[in-house]
Amino acid sequence: MLLTKQNLAVLAATDSNEGDFKSVVKLEPTTNRLIATNCAMMLISDLSGALDRDKFPETDKAWWTNPESSLIPARALEKAGKNIKKSRMPILECIAVEMSETGHCLTTTDLDTTDTIKTRPTDINYPDIDLVIETVENQVETESYIIAINILEAMLKAAKQHGAKTLKFTSSGATTPIKIETADNPGLTGYLMPYITEKG
């Protein structure tokens with residue numbers, strides 16, 4: 001399977017210092033998902049549009065056993081991501097992930113040089129993330145908001161400057177602003193106006 005730098009965005013939900021499921025990323029080839037969670041948040045990258053693995057320059061394909069899922073150390077994946085070099089060929093801006101019962105092989109190449117990182121298998125128990133997803137998706141009625149990232153970043157910057165570490169989000173419906181208050185250090189209140197709202 002091939003992973004891009006965009007897929008590696010899930011690393012934001014890992015903590016390599018913990019040594020448990022927070023320190024690994026779960027790759028599910030059968031569901032085309034790359035998953036990471038640190039309990040506080042969970043990130044899932046959709047791999048259904050991944051480039052064709054067979055077009056990647058030759059690696060040790062005999063290693064590939066295509067298990068239903070596999071746990072990859074976040075540090076190894078982060079290191080492999082740093083090995084990706086800019087290229088006019090999108091296929092070369094990927095990490096080729098080979099999986100087997102003996103571990104993983106993470107390969108990057110620019111055709112001139114090839115970098116390979118090998119990892120050992122882990123017996124870490126990973127939480128059932130589908131239970132979390134089902135809890136949200138099975139709600140009879142939900143409100144969805146689309147907010148510009150730069151607006152949210154500005155609010156977070158203001159909250160940090162205020163000395164806050166936690167925020168409280170409140171809204172009475174899709175047609176009203178989202179009220180954001182600093183929870184642990186009261187005194188700063190913001191109102192975000194969703195520029196598009198969806199009801200599902």
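The values are calculated or read from the model by the stated rules, or taken from the named source; none is laboratory data. It should be emphasised that the depicted structure is a prediction, and the values quoted were computed from it without experimental measurement. In this analysis, Cβ positions are derived from the backbone assuming ideal geometry, glycine residues included, and neighbour counts consider all displayed protein chains.
From T116, T107, T170, which residue is hydroxyl-bearing (S, T, Y) and more than 23 Å from the chain's Cα centre (by Cα)?
Going through T116, T107, T170 in turn, just one is hydroxyl-bearing (S, T, Y) and more than 23 Å from the chain's Cα centre (by Cα): T170.
Just one of (1) at pLDDT below 90; (2) surrounded by 13 or more Cβ atoms within 10 Å (Cβ to Cβ); (3) among the hydroxyl-bearing types (S, T, Y) trips up T142, so point out which.
(2)
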